[in-house]
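Report on one structure; see the data block that follows.
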């Protein structure tokens, strides 16, 4: 069986692949994400470009492997919301999103000897109106400083939303699994692989 490599150090993406019963390994992408961000302003284009470059950077090192790259970003009112990095920044992001709709983009790019495949999922989330105390409690509980949009939907973050619209709810946690399974099956990978 050909090697499958996840071009990410994200534990969330690795957990998603483990749930499929897929044999894979993780490799850190060999690209400067911050430098790449300087070349794109459109949120959809940026997410797709980052997923592509992450996958390609690892595929260059392992040309016979199937390499999975992904990127996720949130945006509201035309502003891209990155990973907050601190509790204070997480609170500020959540305050800005409170009572509003925003989009969570999850891009997928798969490189293999057969070629490249890509997919972009857009999830629309409607956040409840949250007061400062509720936001601070949530941030203390989930510590979502490493998550686009400053929430962990797979944990207590689900309580922040009144509705979610998506073609693939798994995309919210970092990998659009419906599209990924289709891509892998197209390449002859059985799911589960055990």
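The values are calculated or read from the model by the stated rules, or taken from the named source; none is laboratory data. Being a predicted model, the structure only gives us computed values, none of them experimental. Cβ atoms come from the backbone with ideal geometry, glycine included; neighbour counts cover every protein chain shown.
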Of all residues in the stretch 99-116 being more than 30 Å from residue 134 (Cβ to Cβ), touching a residue at least 40 places away in the same chain (Cβ under 8 Å) and surrounded by fewer than 24 Cβ atoms within 10 Å (Cβ to Cβ), the one that is nearest to the chain's Cα centre (by Cα): 116
Residue 160 over 16 Å from the mean Cα position of the chain (by Cα), at pLDDT 95 or above and crowded, with 21+ Cβ neighbours inside 10 Å: yes
Where a residue in the stretch 79-94 is at negative phi and its partner, wherever it lies, is loosely packed, with under 15 Cβ neighbours inside 10 Å and modelled with pLDDT under 95, with Cβ under 6 Å and at least six apart: 83/146
Test result for residue 88, closer than 30 Å to residue 189 by Cβ and either surrounded by fewer than 14 Cβ atoms within 10 Å (Cβ to Cβ) or under 15 Å from the mean Cα position of the chain (by Cα) (or both): no
Pairs with Cβ under 6 Å, 6+ apart, first in the stretch 129-154 and without any contact (Cβ under 8 Å) to a residue 40 or more places away in the chain, second outside any helix (DSSP H, G or I) and surrounded by 13 or more Cβ atoms within 10 Å (Cβ to Cβ): 129/98; 130/98; 142/152; 142/155; 152/144
Criterion: surrounded by 15 or more Cβ atoms within 10 Å (Cβ to Cβ), more than 22 Å from residue 11 (Cβ to Cβ) and touching a helix residue (DSSP H, G or I) at 6+ places or on another chain (Cβ under 7 Å) - qualifying residue of 153, 145, 80: 80
Output for the stretch 48-73, where each listed residue is more than 22 Å from residue 147 (Cβ to Cβ), crowded, with 22+ Cβ neighbours inside 10 Å and touching a helix residue (DSSP H, G or I) at 6+ places or on another chain (Cβ under 8 Å): 66, 67
Matching residues in the stretch 22-38 - criterion: being at pLDDT below 90 and either under 20 Å from residue 185 (Cα atoms) or assigned to a loop (DSSP other than H, G, I, E, B) (or both): 30, 31, 32, 38
Single residue of 175, 184 found to be within 30 Å of residue 114 (Cα to Cα) and out of contact with any helix residue (DSSP H, G or I) (no Cβ under 7 Å at 6 or more places or on another chain): 184
For residue 9: the one exception among (1) more than 19 Å from residue 187 (Cα to Cα); (2) out of contact with any strand residue (DSSP E or B) (no Cβ under 8 Å at 6 or more places or on another chain); (3) exposed (fewer than 15 other Cβ atoms within 10 Å of the Cβ); (4) free of Cβ contacts under 8 Å to residues at least 24 places away in the same chain: (2)
Any hit, the stretch 164-174, residues being modelled with pLDDT under 95 and out of contact with any strand residue (DSSP E or B) (no Cβ under 8 Å at 6 or more places or on another chain): yes
The lone exception for residue 46 - which of (1) farther than 19 Å from residue 172 by Cα; (2) touching a strand residue (DSSP E or B) at 6+ places or on another chain (Cβ under 8 Å) it fails: (1)
